[in-house]
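Before any comments, here is the structure.
Where a number appears in this text, it was derived from the coordinates with a stated rule and is not lab data. Please read all numbers here as calculations on a predicted model, not as lab measurements. Neighbour counts are summed over all protein chains in view; Cβ atoms, including those assigned to glycine, are modelled from backbone coordinates with ideal geometry.
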Amino acid sequence: MDSKRCSESRTIFSNHVLPPDTNNHGTLFGGKLMSYIDDVAARSAMKHSRRTCVTASMDSIDFLQPIRANDEVVLEGFVTWTHRTSMEVFVKVIREDLLTTERMLCATAFLTFVALDETGAPTPVPGVVPESPEEIGLNASAAGRMEARTARRRESKRVAERFGVGFPWEK
């Protein structure tokens, strides 16, 4: 299976933020932005693997600046690193003031997707070839993020086993 350049998975999405998209502070709902991020990342993973993909984890979303009503929000995602059946996708979120043209980086996110075959089982994905300084830097630091992700997942499983599916009021 041939490796693919990061740029082959690049996905761009933009949207005009309108009042119904905002919270009581007049800024874009965090959950709406998370949905946009997941959608862009999923499409990047599918472009890279040319397979159906599922979200395995949303490692982090760092909200750096608010996005206000009447801004344009632009998301850019691409695959930064691959393992056997999984792909790490980086998404950056930029807001543009449509009246002044001022742009600002507002959020960054790392997500992991798993490619599935026709039966729904995980299937191998191509390797990734970073080219730009941004891609090379993200690719070089991906192994550390994978270690942290693996440790966090182990801890999540321990917590899940401890708490189970019952609710406190059901005792």
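You can think of it this way: the chain between GLU147 and SER132 has 3.0 nm of extra reach, that is 0.36 nm per residue less the Cα-Cα gap. Each Cα pair under 8 Å and six or more residues apart adds its sequence gap; the mean of these over the residue count of the stretch 4-162 is a relative contact order of 26 percent.
Packing, taken as the mean count of other beta carbons within 10 Å per residue, orders the peptides 36-43, 157-164 from highest to lowest as 36-43, 157-164. For the modelled label position 7 Å from the Cα of GLU76 along Cα-to-Cβ, which residues of the stretch 92-131 have backbone nitrogen atoms closer than 15 Å? Of the residues in the stretch 92-131, 92-96, 103-109, 131 have backbone N under 15 Å from the label point off GLU76. Highest-first packing order for the peptide set 98-105, 143-150, 128-135 is 128-135, 143-150, 98-105, based on the mean count of other beta carbon atoms within 10 Å. Full extension of the chain between SER35 and ARG50 yields a length gain of 3.3 nm, computed as 0.36 nm times the residue separation minus the alpha carbon distance.
One way to sum up the overall shape of the chain is the equivalent ellipsoid from its Cα gyration tensor, whose semi-axes run 28, 25, 14 Å, largest first.
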